[in-house]
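I have placed the structure first, in the form of structure tokens, so that the comments after it can refer back to it.
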Amino acid sequence: MDLVEKDDCEAIRGFIAKYSKFEIEIGSGNGHFLVNYARRNPECGFIGIEAKKKRALKIHCKIKNAQLENVIVFHGSAESLLDLLQPCSCDALHVYFPDPWPKTKHRRRRFMKKETLELFDSLLKPHGKVYFASDVFDYYLQVKLLGILSPVFNISSEMIPEDMGTSLFLQRTVAAGKKTHWIVLEKEK
């Protein structure tokens, strides 16, 4: 059951129920971070969300090859999975290099916005964390401002997990000479 489609609510809930600690990566890409992070944290359950079918299948193969039981990939939109989850069920959310929608007129399409942070608040357990990274400084500033203005989240001094370095997108960003901007938001209670 490494690949789950959006209609399989029972499989998702059953998977989550097996773990006392549970984390989600939104936009798992080719699955480099997700598979490495899950391998290093076998006591935790992980769901990777990927909207593109080809990428979701690639992650599915990586999970099978690594023989990991604590991770599944969800093929569908982040919103469709997050709407299925119970309140206060998640320990951490990872959002690395989301589509930046760099044109001013398109910024309203960005995934990280006030409404998303409010949804994250409802899903995260007390002291749950949102890990965010982008190579677009403006997007990083937007998320930082959301954190500053939030009555629920604080900006944490914690670092992004070292496994993020295995992300193919991060490797391409570094190879292109771009800087990565990251932030960790922690839910107060």
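Quick notes on this structure:
- The number of residues in the range 1-26 being out of contact with any helix residue (DSSP H, G or I) (no Cβ under 9 Å at 6 or more places or on another chain) and surrounded by 14 or more Cβ atoms within 10 Å (Cβ to Cβ) comes to 6.
- Hey, Ile16 at pLDDT 95 or above and within 24 Å of Ile160 (Cα to Cα) or not: no
- Options Thr116, Thr104; residue that is under 26 Å from Phe137 (Cα atoms), out of contact with any Phe, Trp or Tyr (no Cβ under 8 Å at 6 or more places or on another chain), surrounded by fewer than 19 Cβ atoms within 10 Å (Cβ to Cβ) and among the hydroxyl-bearing types (Ser, Thr, Tyr): Thr104
- Residues that are farther than 17 Å from Arg13 by Cβ and either surrounded by 19 or more Cβ atoms within 10 Å (Cβ to Cβ) or in contact with a His (Cβ under 9 Å, 6 or more places away or on another chain) (or both), drawn from the range 60-74: His60, Lys62, Ile63
- Candidates are the residues of the range 120-175 that are β-branched (Val, Ile, Thr) and modelled with pLDDT of 90 or more; the one that is nearest to Asn36 (Cα to Cα) is Val130.
- Positions within the range 77-133 being over 20 Å from Gly14 (Cα atoms) and acidic (Asp, Glu), in sequence order: Asp99, Glu115, Glu118, Asp121
- Asn30 being out of contact with any strand residue (DSSP E or B) (no Cβ under 6 Å at 6 or more places or on another chain) and under 16 Å from Ile59 (Cβ atoms): yes
- Of all residues making up the range 61-108, the number that are of a type in the set (Ser, Thr, Tyr) and under 15 Å from Phe33 (Cα atoms): 1
- Every residue from the range 27-59 that is closer than 14 Å to Leu3 by Cα and surrounded by fewer than 19 Cβ atoms within 10 Å (Cβ to Cβ): Asn30, Ala51, Lys52, Lys53, Lys54, Arg55, Leu57, Lys58
- Residue list for the range 145-189, filter: assigned to a helix (DSSP H, G or I) and crowded, with 18+ Cβ neighbours inside 10 Å: Leu146, Gly147, Asp163, Met164, Phe169, Leu170
- Filtering Leu141, Leu123, Leu119 for residues that are over 17 Å from the mean Cα position of the chain (by Cα) and without any contact (Cβ under 8 Å) to a residue 60 or more places away in the chain leaves a single hit, Leu141.
The values are calculated or read from the model by the stated rules, or taken from the named source; none is laboratory data. Model, not experiment: these values are computed from the prediction. Note: ideal-geometry Cβ built from the backbone for every residue, glycine included; neighbour counts use all protein chains shown.
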